[in-house]
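Please read the structure below before turning to the comments.
The values are calculated or read from the model by the stated rules, or taken from the named source; none is laboratory data. If you're wondering where the values come from, they're calculated on a predicted model, not measured in any experiment. Note that each Cβ is placed from the backbone with ideal geometry, even for glycine, and that neighbours are counted across all protein chains shown. Side chains are part of the model used for accessible areas, which takes the heavy atoms of the whole protein and leaves out ligands, DNA and RNA. Shrake-Rupley method; radii C 1.70, N 1.55, O 1.52, S 1.80 Å.
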Amino acid sequence: MSDRPLFSPRNPWFSISVGVTAGIAVLSAIVGLVWLPLVQPNVKFSGLWDAICSAAGVPRAAVRDASLKPEFKTSGVVMTPQMLAGADQVSIGRGATLAQRCAICHGPQGVSDANSPNLAGQFAAVTYKELNDFKSGARASVVMVPFAAAMSDRDMKDVAAYYAYLPRVPSNNLDVGRPAPAIVVTGAPMRNIPPCGSCHGDIDNKAGSPWLGGQSAVYIKAQLEAFASGTRRNDISEQMRNIARQMTAEEIDQAAHFYEAQP
Amino acid sequence: MATETDHGPGEAVAARIERRWATLSIVIVALLVGMAAVIGIHRATMPQARVETADPKTLHLSGEFIESNLGSAVEPDGSVTVRAIGQQYSFTPQCIVVPAETPITIRATSADVVHGFLIEGTNINTMLVPGYVSDLPVRFSAPGEHVMPCQEFCGIGHQGMWGKVKVVDRTAFLNMTAAKRRLTCAD
Ligand SMILES: [Cu+2]
C-alpha cells in the first residue's frame, strides 16, 4: 500500500474522488450559469453566452435611454462633495474683480439689506451651481440671467471662490436667542422632511445646498414657495421640491424667520 | 509484504467507512445545489439577473433616470415600469403610483450613497447602491397604501427619508395614463 503513489490516476480513490468533485462542479455551473438564468420569467437573453455572463455578474451600462425628455430646462451641473475645494489666491483675486458688478444687489462685502441673497461665506459649490443654472436657463431670474449669460465657467468658479473666501457677516436681524422651530430641528420624518441642517451646513452639507444663516426671510420664503409650487425646478432630481411641497405655509414662515436670525 | 495480509481486514473496514463519508458529503453538496436551484426557480429569493451600471453623478443629465422619465410608465405589453432614484434625503418620485394585479418592474438607483428600498407590507426590499441599477419584478395583489422608508443608514437626515406607494385599481391607473405618460402621486 505504502509504495503505491497516492496522487495517481491508477489509485482508484484518487481518480474517483477527483472525478466526482469535477462532475459536481460542472453540474452546478450548468445549473447556476445556464439553467437558472434561462428560467427567469422577465429577462430576455440574446444567447447562451449572454446568460452565462449575466449570471456571473459581468457589469454592463444601463443603456436604455429616457423615452420621455423634459419639457423644461433642468440643472446641468455635476455636483460632487469635493468640488471647488481649495481655491487659490489667483482665483479669489480674479473673483474679487469680477464681483464688483454684483455689489449693487449683493453688497460690497457680499452682504446687503436688499432681499437678495447674502453671498459672503457661501459655499463655493452653491454660488457656482446657481450661476450655471441662471446661464443655462434652469433657474429663472430677470436680474441674474443677463449677468450669468456673460460669464465663462472660469468666471463663475472665481466669483464663487471669492464669495466663499469672504467672512460671513451677521445680518441686522441677528437674534441667536430665538428658539429653533421643530420643523428646523427635527423636520417631519413621516412627511419626508429631514432636519434642514442635515444638508444646509448646520450639521452636514450636501453639495449644492446653501448656508442659510442670515439670509433674508423674504428670500427664503419666496424660494421655498417656488419649490413647493414647482415654479423653481433647478434642484437636481427634485431634492428640494420633495421637501418644500410637504411643508405647511406656517412651517415655511417659521423656518424663514429662524434662519434670518442666525449668524 | 507479509504485513499487508496482516492488515487485510482493517483495510477493508477503513475503505468502507471512507466510502460512506464520501457518499454523505456528496449528498450534502447535491442537496445544497438543489436548494439553490429550487429557491431560484420559485423566486423565494430574488437574485437580479443582470448587473447594470449607471453613473450616480450624471443621472440627471442623460439616460433613463432623468427627472422627466421618473415615475410609472405603461409598456407596450401592458406591464408597468417604475423608475425611481434615492438621494439624500428623499426618493423621487416621492410617491409612487402603481396598478394592482399587474406585472411591474421597478428600476431604481442612488444618486449619492447607499439607500434602502423597502415597501412595507410586501417582500420588496433591496438596496440602492450608487453606480448600480436595482431591477426587481413585483406584483401588488390589492389596492392600498404602503409606506416606503429608506432602511439603510444614509446620513444625518436618514430618518426623514420616507416615500409612499399608492396601489390603485388597474382601470383607474390606465385612466390616469391618458393625461400623462409618467405617473407619480407626489404633489
Ligand atoms: Cu436613504
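Results, tabulated for the structure shown:
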quantity	calculated
Residue check, B:VAL82 open to solvent by 10 Å² or more (accessible area, probe 1.4 Å), under 18 Å from the mean Cα position of the chain (by Cα) and more than 9 Å from chain A (Cβ to nearest Cβ)	no
Unique residue being part of a loop (DSSP other than H, G, I, E, B) and more than 20 Å from A:ALA217 (Cβ to Cβ) when the list is A:PRO108, A:PRO117	A:PRO108
Output for region B:10-64, where each listed residue is more than 8 Å from every other protein chain (Cβ to nearest Cβ), within 30 Å of A:PHE72 (Cα to Cα) and either modelled with pLDDT under 90 or not in a helix (DSSP H, G or I) (or both)	B:ASP55
Residue under evaluation A:ARG154, criteria (1) assigned to a helix (DSSP H, G or I); (2) open to solvent by less than 70 Å² (accessible area, probe 1.4 Å), criterion not met	(2)
Search result, residues across region B:149-187 that are part of a strand (DSSP E or B) and within 11 Å of the ligand (Cβ to nearest atom)	B:PRO149, B:TRP162, B:GLY163
Candidate set: region A:53-106, residues that are within 14 Å of chain B (Cβ to nearest Cβ) and of a type in the set (Val, Ile, Thr); chosen: the one nearest to A:ARG241 (Cα to Cα)	A:THR74
Selection count where residues are part of a loop (DSSP other than H, G, I, E, B) and either over 19 Å from B:ARG181 (Cβ atoms) or away from the ligand (no atom under 16 Å from the Cβ) (or both), scope region B:77-124	19
Filtered residues of region A:163-191 (kept if within 14 Å of chain B (Cβ to nearest Cβ) and in a loop (DSSP other than H, G, I, E, B))	A:THR186, A:GLY187
Hits in region A:192-227 - residues which are in a helix (DSSP H, G or I) and open to solvent by 40 Å² or more (accessible area, probe 1.4 Å)	A:VAL218, A:TYR219, A:LYS221, A:ALA222, A:GLU225
Any hit, region A:38-47, residues being within 28 Å of the chain's Cα centre (by Cα) and either facing another protein chain (nearest Cβ under 10 Å) or surrounded by 16 or more Cβ atoms within 10 Å (Cβ to Cβ) (or both)	no
